[in-house]
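The values are calculated or read from the model by the stated rules, or taken from the named source; none is laboratory data. In this text, all values refer to a predicted model and were calculated from it rather than measured experimentally. Neighbour counts are summed over all protein chains in view; Cβ atoms, including those assigned to glycine, are modelled from backbone coordinates with ideal geometry. The area values use the complete protein model at the heavy-atom level, side chains included, leaving out ligands, DNA and RNA. Shrake-Rupley method; radii C 1.70, N 1.55, O 1.52, S 1.80 Å.
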Amino acid sequence: MMSRVEGLRKMMSEGSINIDLYMGSELYYRNGLLEELENDMAGTMAGSRYVLVEFNPLEDYDYIRNGIYALLTGGYYPILAHAERYRNVCAGKSGIDDLIEMGCYIQVNAGSVMGKAGQKTKRFVRTMLKRRQVHFVATDAHDMEKRAPRLSDCAYFIQKKYGGNYSQQLFNENPLHVIRDEEITMY
């Protein structure tokens, strides 16, 4: 995989495209994931201690909490991907708060913020934003049609609705902390 990234970096520099690329992927949580991370069989975000982790949306809260705890005790900073999908975690407002207090970071999808996942999810995500329970907003892009990487409308909405400082944290400062492998100060 690294050779593909290096090839892409080379093509970009030859084309005078001034963008830095960092490797990273969403990891589906499973038994043995911690060992895979420790043995470089699974990758972190930008080579940092940050791990973007996804669970089965129907998993119970204890399984998700224990998985997050295992990553934390392994020295990683877990980022819970698509937090709005986990009904068992999100059913009570204290579930998200508990994970954050443990040291977990929360990522939501821009499409969910903008209502692409339905009104109930939109209301829930916007409540999370209002409570400052979100640390990252991402696209969950899979292609250029059905799940295209459209982030600018969401960033503009968050800036207007929740303030420029919070928007700056979500879209600039927190991602830079990941790249620099620095712990994010909780707010």
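The set of residues in segment 20-38 being open to solvent by 100 Å² or more (accessible area, probe 1.4 Å) and over 26 Å from residue 88 (Cα atoms) consists of 20, 22, 38. The residues in segment 152-180 that are open to solvent by less than 30 Å² (accessible area, probe 1.4 Å), touching a strand residue (DSSP E or B) at 6+ places or on another chain (Cβ under 8 Å), over 17 Å from residue 115 (Cβ atoms) and not polar (S, T, N, Q) can be counted, and the count is 2.
Whenever a residue of segment 123-141 is in contact (Cβ under 8 Å) with a residue 40 or more places away in the chain and among the basic types (Lys, Arg), its partners that are assigned to a helix (DSSP H, G or I) and open to solvent by less than 40 Å² (accessible area, probe 1.4 Å), lying with C-beta atoms within less than 7 angstrom and at least six residues away or across chains, give the pairs 132/166. Checked against the criterion of being in contact (Cβ under 8 Å) with a residue 40 or more places away in the chain, under 23 Å from residue 175 (Cα atoms) and in contact with a Lys or Arg (Cβ under 9 Å, 6 or more places away or on another chain), segment 26-45 contains not a single residue that satisfies it.
Do we have any residue at all in segment 120-137 that's over 30 Å from residue 160 (Cβ atoms), of a type outside the set (A, V, I, L, M, F, W, C) and touching an Asp or Glu at 6+ places or on another chain (Cβ under 9 Å)? No: zero hits. Just to be sure before I move on: is residue 146 in a loop (DSSP other than H, G, I, E, B) and either at pLDDT 95 or above or open to solvent by 70 Å² or more (accessible area, probe 1.4 Å) (or both) in the structure I sent? So residue 146 fits the description; yes.
Of the strands (runs of 3 or more DSSP E) entirely within segment 43-137, none holds at least 3 residues that are buried (at least 22 other Cβ atoms within 10 Å of the Cβ) and on the phi > 0 side of the Ramachandran plot.
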